[in-house]
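Accompanying notes for the structure given below.
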Amino acid sequence: MEGLTGLAAHRLARMLRAREVSAAELLAAHLDRLETVNPLVNAVVRLAPDAMDQARAADQALARGEEPGPLHGLPFTAKDNVETRGVVTAIGVPERAGTVPPADATAVARLRAAGGILLGKTNCPPWGGGLETDNPLDGRTDNPYDRSRTPGGSSGGEAAAVAAALSPCGLGTDSGGSLRVPAHFCGVATLKPTNGLVPVTGVLDDDGPIGALSDPRTQPGPIARSVQDLTMLLGVLAGPDGRDGGVAPVPPGDPAAVRVEGLRVAVHTGAGSPGPTPETTATVTAAAEALASAGAAVEEARPPGDGHALTVEVWRSYGPGVSSQELYRLLRRWDRYRAELGVWMTSWDAILTPVYDCPAPPHGATETPELRDAIRWTTPWSLTGWPCTVVRCGTSPDGLSIGVQVIAPPWRDDLALALAAHLETTLGGWHPPPL
């Protein structure tokens, strides 16, 4: 892939500030690629009507000598369950086809305030949740590496858009793997932040805005083509907004200050049946060896408990017929699970696991009995609220991306990002799709 659209977001941001490229020129390049490639994958479902006006205004501000923000003139996209002022937020359902929010979600507002330009909205399952990005309003999104396969969900449109270089970076959400599984399937990088680091204000589900206590598993987070992009975006996204009472005033640490040497890393590849494919296990093993070569103490270890089974119970508690006493007992078990994992984690600095049992499967296969529980690698860490990164570290025999999940203790997003950056440098990272 040649040209501006294949460059990493942090590099584009530097070029924009140095006036090596104009915001209007960069936006036009993405619009041209959207016109050619988006019909093949159906990742971006709506364009922001004022994007070019915003790009020209960004160029004029720079010409006047105004101080640029860290994302000055950089286009970005947002999953369609994240509210965007002036742009329809339909969440994939016909009844919301004309719903235009009056205000941005906090995450969107912060990217704009840093100089970012909303390019458009990306596809998601109906009401924003599920492993297949297909809905009755905007249709199905295909994986840019093999259109017969799913990009995953529920941030599948966002991952496909970034992988296909339709957007330099963007926003998704994750309640049990909805950032991480699509990043794995599409070969891009993502961070599910520590619960309480990024406000959920303006993130929607089938019952309206998600509050800090309505589903503490849910977090907005960035998707991009490099780990350095994630670090840049997190610096903009993190911090209280005065509306989400669950966000703590904890500034993100600096991944560049993290040393791999001496870290204690647990590697977990054996859970459930039938288990990960051989190439998935081999990729995680290669990641573990890369960290060991850098001086980390790496050892196979299995976390205690069954977080996925508990997650399934949490999902079932959303339905009718659940008493307040049953819900109370479930929440107490959730607390005990978090405490048990916290005690276990005192022996480790990070954990490496697969993201899913296999690379991107054919459309619809995530609902088969063989793969129905394959998200057991991601769901436990939504229950704990710990930060997780995913970065591409391998390729299957048929050319599909294979990601590795890095889990760190709470508030150590910098550690998860630092290890992911090392793996990206050592084992690869995003590779252009054949589009």
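So here's what we get for this one:
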{"item": "In segment 230-317, the GluC sites (Glu not before Pro) that fall in loop regions by DSSP, at most 16 other Cβ within 10 Å", "result": "261"}
{"item": "Rounded FRET efficiency, nearest 0.05, which uses the C-beta distance separating residue 28 from residue 398 and R0 of 45 Å", "result": "0.80"}
{"item": "Rounded to whole Hz, the Karplus (6.51, -1.76, 1.60) HN-Hα couplings of segment 96-105, x for glycine and proline", "result": "10, 4, x, 7, 10, x, x, 8, 7, 4"}
{"item": "Cα-centred dipole magnitude for segment 1-42, charges only on beta-carbon of K, R (+1) and D, E (-1), debye, nearest 20", "result": "280 debye"}
{"item": "Two-decimal Rg to Rh for segment 374-413 - Kirkwood Rh, Cα set", "result": "1.08"}
{"item": "Heavy-atom surface of the chain, accessible at 1.4 Å and reported per residue (Å²)", "result": "37 Å²"}
{"item": "The chain: Rg to Rh, with Rh as the Kirkwood radius over Cα pairs", "result": "0.95"}
{"item": "Reciprocal of mean inverse Cα separation for segment 173-284 (Kirkwood radius, Å)", "result": "16.1 Å"}
{"item": "Where the Cα pairs of segment 311-401 fall when distances are cut into 5 Å bins, in %", "result": "2, 10, 17, 17, 18, 15, 11, 7, 2, 1, 0"}
{"item": "Prolate/oblate/rounded call for segment 292-335, Cα gyration tensor, a/c under 1.5 rounded", "result": "prolate"}
{"item": "Separation of the residue 21 and residue 261 label points, Cα + 7 Å toward Cβ, nm", "result": "3.7 nm"}
{"item": "Stokes-Einstein D in µm²/s, Kirkwood radius over Cα pairs - segment 48-141 at 25 °C with 0.890 mPa s viscosity", "result": "174 µm²/s"}
{"item": "Accessible surface of the chain, 1.4 Å probe, proportion on carbon and sulfur as whole %", "result": "52 percent"}
{"item": "Alpha-carbon Rg with Dmax, taken over segment 65-111, Å", "result": "13.1, 45"}
{"item": "Burial ranking of peptide ranges 365-372, 337-344 (average Cβ count within 10 Å, highest at the top)", "result": "337-344, 365-372"}
{"item": "Cα-centre dipole for segment 161-253 with unit charges at Cβ (Lys and Arg positive, Asp and Glu negative), debye to 20", "result": "320 debye"}
{"item": "Stretch gain in nm, segment residue 36-residue 371, where the contour uses 0.36 nm per residue and the Cα spacing is subtracted", "result": "117.3 nm"}
{"item": "0 to 90° range, to nearest 10: angle between helix 51-63 axis and the chain longest Cα axis", "result": "70 degrees"}
{"item": "Protection proxy ranking, peptides 17-23, 71-77, average beta carbon neighbours within 10 Å, highest first", "result": "71-77, 17-23"}
{"item": "Rounded if a/c under 1.5, otherwise prolate or oblate - segment 242-354, Cα gyration tensor axes", "result": "oblate"}
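The values are calculated or read from the model by the stated rules, or taken from the named source; none is laboratory data. Predicted, not measured: the structure shown is a model, and the values here were computed from it. Every residue, glycine as well, gets a Cβ built from its backbone with ideal geometry; the counts of neighbours run over all protein chains shown. For accessibility, only protein heavy atoms count, side chains too; no ligands or nucleic acids. Shrake-Rupley method; radii C 1.70, N 1.55, O 1.52, S 1.80 Å.
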